[in-house]
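Novice: Mind having a look at this structure? Questions to follow.
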Amino acid sequence: MAELDAEPPTTVEIDTQVDPSGAQIVTLRGELDSSNATSLVAAVASITAQRPQRLIFDLTGLSFMDSAGIAVLINTTRKTSVSLRNPSPIIRRVLGATGLADVLPIES
Amino acid sequence: MSSRAVSMGTAGYRDGSTGEPATAEDVVSAIAPDGSARRWSPSRAACLTLAIGLLVTAALALTSLGLYNRNEDRLLGLRARQLGLVLTAAVTSTQTPLASAAELADATGGSPQKFHAFIDSYVGPGRQFASVSLWPLGTSHLAPVVVAGSTPALAALPAQAHALFARGEHTRLLNVTGILGTANPGLGYEFTTPGIRHGFAVYAESPLPKDRRSKLSSDSAFSDLNYALYLGHTRRAGELLVTNIRRFPIGGRQASDVVPFGDTAFTLVVTPNGSLGGTFFESLPWIICGGGVLLTLAAALLTDRLARRRRYAEQLVDVLDRVAAENRDMYTEQRSIAQTLQHALLPDELPELSGMEVGARYVPAASGIDVGGDWYDIVDAGDQQVLVMIGDVSGHGLRAATAMASLRHAALAYAAQDHGPASVLARLSDFVNGDPHEHFATMLCALIDVRAHRLTVASAGHMAPLLIDDAGSDGQFVEITANVPIGVVRNSPYEEVTVSVQPHTTLIAFTDGLVERRGEIIDTGLARLQATATGQRLPLEDLLSMLAHGLASEGHHDDTAIVGIRWQS
């Protein structure tokens, strides 16, 4: 799981907005890995500081997520209720294989 | 003391082992172009620019000067001819009244009344002649019979008078005496109507300025010229009639013209009184010189600056190359340090087990300097039991490695207390949960009963191991539920399954680096592993080497641990 940082940098775009129901939506696009996970840590920290009821990670545009990215999502569950929106089959399978389907539920 | 210890433990290896890494900023500041310590010396290109610029300037200035001189010479020649034309007209206006008077005198037998009536308007101060007189020819005593104006100087010079009038009878021209007198110099000339025997000669004198000096009035069309007028065809000083030039002989730019005057001529010499073509053209060579020198200096300075910038850029490139090389060395060194550290965190050697063959590989990522979080352990649990543990801490770096080390040692401790796989994972989960370093770990724990050919496996979010049959032709993943990884939820239940295996079965446990590829679902990677590992029956070490080599050859991004166990019966 130790992604190393001498590779060409990957990019992840992070957008945050509030959904009409009051849930915080964090939209991720690109690839989330150990080279850029800290930017998501910072973005999530500023959101959870406002103690939202619910936080939804919209993964529609995310093509890859490694263990460092998953760790950020898991740590967010310690602060608020987290669910995932529309993860790709690849990511869905990784979450299933690592026993995280219950910890990081996918929106129905 | 404690801060010293921290420094040695974390960053110390980096600083201590690489000596003094030169950063680009350090070296660049040393060669900065504005460093006052550096002595300024002009670049070769700037000197060349200066030399070429000055040469071009000089050539242009000389060309311009040559053109100016040629133009001035041409203009002066034109002006001399123009002045000559004016003189020619003046000569004609001198000859005409004298010729008319001679004709009148011949017709009237030298009537004084008629002569005076005709000629008086030409004579007197400010008029054309100072004196005009009528001389009968063919007499022994040569003397004027009628005089208008002052007494002619020629009357006192009988020898010259004879010579003059003797010459006059044979020419149709005005005959000129030359300059007469010194106190009141004048010029005398006579006209005799040719073909009349013993007729009358008309003789006139015009005064010359005493010192021969005369100014042209400033509104004259020729005020841009200085002139000297000589009698005759040459410029003899004694024949100088009138001039406004102060210094003789005449030097500098000059032009001359010869104007016929009776039986002799006037020689006109002119010099320019300033620049005829205008002051701009006169100063053009100097303007070119000044402008050219200024432009050349500016160009040389610019060239020098560009040359120094280029030199600076070249030095910068050298420096950057050096820094890049140092960084490469540093990277290689740190990568090697990371790998050394990684190996220090893994078992030194695997236990010798009766009835089991064991092997393991650790393949670092193709690049990068961080310590990975993958680990494995194979422990002889006694009584023909072997505990296999393999895991992967999320993230990388020293924190991940530290988390991995503590997890690994805790797992060994729990295993030593005879806990089964699921129990070990559950206790680890409680031990680690709330780790402030925000790592989680996937882990597989398998207890192998060698004699019973039995395998009890539990997974904390870890990939199931592959079981390969004795022929090496069939491989199946153990069917287990992947429970939640360690470090995610406290008091999480872990399930374990027990499966029986055939003799000579091989178990391959691995971390996700072996099967996970970007843009690919892991089932594809699992199927690839299944196919690769089951093509043929290989010795265990060869099988492990083949799997590790396949990874290394594709430049994988993730550290990977592989453990293999084979029943020898």
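Novice: B:Thr92 to B:Ser121: FRET efficiency via 1/(1 + (r/R0)^6), r the Cβ-Cβ distance, R0 22 Å, to the nearest 0.05?
Specialist: 0.80
Novice: Considering all projection directions equally, how large on average is the shadow of the alpha-carbon convex hull of chain B, in square nanometres?
Specialist: Working: hull surface 214.6 nm².
The orientation-averaged projected area of the Cα hull of chain B comes to 53.7 nm².
Novice: Once you place label points 7 Å from the Cα toward the Cβ at A:Asp19 and B:Gln315, how far apart are they in nm?
Specialist: My value for the distance between the label points is 6.1 nm.
Novice: Hey, another quick one. Compute the projected area of the convex hull of the Cα atoms of the range A:6-95, averaged over all viewing directions, and report it in nm² to one decimal place.
Specialist: For the range A:6-95, averaging the hull's shadow over all directions gives 5.5 nm².
Novice: Rounded, prolate or oblate for the protein assembly as shown? Axes are the square roots of the Cα gyration tensor eigenvalues, ordered a ≥ b ≥ c, and the cut-off for rounded is a/c under 1.5.
Specialist: On the way: a/c = 6.33, a/b = 5.33, b/c = 1.19.
It comes out prolate by the Cα gyration axes.
Novice: Check which residues have an amide H placed less than 5 Å from B:Gly199's amide H, if you skip close sequence neighbours.
Specialist: B:Leu137
Novice: OK, next. Which chymotrypsin sites (Phe, Trp or Tyr not before Pro) does the range B:326-424 hold that lie in a coil by DSSP with at most 16 other beta carbons within 10 Å?
Specialist: Taking the range B:326-424 and a limit of 16 other Cβ atoms within 10 Å, no loop chymotrypsin sites (Phe, Trp or Tyr not before Pro) are found.
Novice: Is there a quick way to get the dipole size of chain B? I mean about its Cα centre, with the Cβ of Lys and Arg at +1 and of Asp and Glu at -1; what is the value in debye to the nearest 20?
Specialist: 6500 debye
Novice: Points 7 angstrom from Cα along the Cβ direction at B:His141 and B:Asp348: gap in nanometres?
Specialist: 16.6 nm
Novice: Compute the FRET efficiency between B:Arg246 and B:Arg44 as 1/(1 + (r/R0)^6), taking r as their Cβ-Cβ distance and R0 = 56 Å, and round to the nearest 0.05.
Specialist: 0.55
Novice: Positive end of the charge dipole of the range B:59-272 (Lys, Arg +1 and Asp, Glu -1 on Cβ, about the Cα centre): tell me which of B:Phe129, B:Thr192, B:Ile119 has its Cα farthest that way.
Specialist: About the Cα centre, the residue reaching furthest to the positive side is B:Phe129.
Novice: Here's something else I'd like to know. Given axes a ≥ b ≥ c from the Cα gyration tensor, I'd like to know whether the range B:357-463 is rounded (a/c under 1.5), prolate (a/b larger than b/c) or oblate.
Specialist: oblate
Novice: Shifting gears a bit: Once you put a point 7 Å from the Cα of B:His198 and another 7 Å from the Cα of B:Arg528, both along the Cβ direction, what distance in nm separates them?
Specialist: Placing both labels 7 Å beyond Cα along the Cβ direction yields 15.1 nm.
Novice: Please sort by residue number the GluC sites (Glu not before Pro) in the range B:505-569 whose DSSP state is loop and whose Cβ has at most 14 other Cβ atoms within 10 Å.
Specialist: Qualifying residues, ordered by number: B:Glu520, B:Glu554.
Novice: Of the options B:Pro152, B:Gly84, B:Gly109, report the single residue whose Cα projects farthest towards the positive end of the charge dipole of the range B:59-272 (beta-carbon charges: Lys, Arg +1; Asp, Glu -1).
Specialist: B:Gly84
Novice: A further question on this structure: Can you give the charge dipole size of the protein assembly as shown about its Cα centre, rounded to the nearest 20 debye, using +1 on the beta carbon of Lys and Arg and -1 on the beta carbon of Asp and Glu?
Specialist: Using only the charged Cβ atoms, the result is roughly 6480 debye.
Novice: Next up: Among B:Ala58, B:Ala143, B:Leu412, whose Cα lies farthest out toward the positive end of the dipole of the protein assembly as shown, if unit charges sit on the beta carbon of Lys, Arg (+1) and Asp, Glu (-1)?
Specialist: Highest projection toward the positive end goes to B:Ala143.
Novice: B:Lys210: which aspartates and glutamates have alpha carbons under 18 Å from its alpha carbon, excluding same-chain residues fewer than 8 sequence positions away?
Specialist: The reachable aspartates and glutamates, counting only those whose Cα sits under 18 Å from B:Lys210, are B:Glu239.
Novice: Grab the beta carbon distance between A:Arg92 and B:Asp542, set R0 = 51 Å, and tell me the FRET efficiency rounded to 0.05.
Specialist: 0.90
Novice: Would you mind working out the magnitude of the charge dipole of the range A:20-108 relative to its Cα centre, with +1 at each Lys and Arg C-beta and -1 at each Asp and Glu C-beta, to the nearest 20 Debye?
Specialist: Dipole about the Cα centre, nearest 20: 240 debye.
Novice: Can you pull out the trypsin sites (Lys or Arg not before Pro) in the range A:38-108 whose DSSP state is coil and whose Cβ has at most 15 other Cβ atoms within 10 Å? Walk me through the intermediate numbers first.
Specialist: Working: sites: A:Arg54, A:Arg78, A:Lys79, A:Arg85, A:Arg92, A:Arg93; in loops: A:Arg78, A:Lys79.
Those that pass, being in a loop and sparsely packed, are A:Arg78, A:Lys79.
Novice: Which three semi-axes in whole Å describe the equivalent ellipsoid of the range B:346-567, each the square root of 5 times a Cα gyration tensor eigenvalue, listed largest first?
Specialist: Numbers: eigenvalues 119, 97, 49 Å².
Each semi-axis is √(5λ); the values are 24, 22, 16 Å.
Novice: Give me log10 I(q)/I(0) at q = 0.10, 0.16, 0.19 Å⁻¹ for the range B:59-272, Debye formula, one equal scatterer per alpha-carbon, no solvent.
Specialist: Taking Cα atoms of the range B:59-272 as identical point scatterers yields -0.50, -1.05, -1.35.
Novice: Want the number for B:Ile52 to B:Leu301: 0.36 nm per residue separation, take away the alpha-carbon distance, what's left?
Specialist: Going from the current span to full extension adds 88.3 nm.
Novice: Which log10 I(q)/I(0) values, to two decimals, does the range B:233-311 give at q = 0.19 Å⁻¹ under the Debye formula with one point per Cα?
Specialist: Cα-only, vacuum Debye calculation for the range B:233-311: -0.91.
Novice: Moving to a separate point now. Which cross-chain or sequence-distant (5 or more) residues have an amide H under 5 Å from the amide H of B:Val146, H modelled 1.01 Å from N in plane?
Specialist: B:Leu134
Every number here is computed from the coordinates shown, using simple stated rules; none is lab data. The model shown is predicted, which means the values in this text are computed figures rather than measured ones. Positions of Cβ are backbone-derived with ideal geometry, glycine not excepted, and every protein chain shown enters the neighbour counts.
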